[in-house]
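Since the structure comes first, as structure tokens, the remarks are kept for the end.
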């Protein structure tokens, strides 16, 4: 009986892994392990995964999710990141409503704080948004299912520092 259960679990695990889509080979860094400080590379490497929750009708979308981000395509993701502000947050997260996703520096960028714990711990949005801090910023990596790579975080910081261009 134990062998049957173990075999069933093994088949189930293989089936589950087989259902996961492979990395898109069209992304600039697919397979190379390299992430460039361009929005195309950032979207292909990590941000494209965010559309599972942050897109109209997305399967992971819940009633308490941030409502203005739209990662359904690279173009809509760029526009909402570059020009948008957090909205629709509930509970203790309401203190972050109205905060722009991109700040003047990586250390003041809500977008980075959501996916990078050191940034989240050190963020200071005073005097404009003093209540949006480590206690109110959600860890978005839990929902995506993976931490961004060190290379991705470095590229994202450089992209923000360089003006967050649509490249």
| field | Taking only Cα atoms of the range 34-161, radius of gyration then Dmax in Å | value | 13.4, 38
| query | Under a plain spin-label model, where a point goes 7 Å from the Cα along Cα-to-Cβ, how far apart in nm are residue 67 and residue 154? | reply | 4.0
| Which of the peptides 105-111, 117-123 is most tightly packed, and how do the rest follow, going by the mean number of other Cβ atoms within 10 Å of each residue? | 105-111, 117-123
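Taken together, the values in this text are just the output of simple stated rules run on the coordinates, not laboratory data. Since we're looking at a predicted model, the values are computed, not measured. Cβ atoms come from the backbone with ideal geometry, glycine included; neighbour counts cover every protein chain shown.
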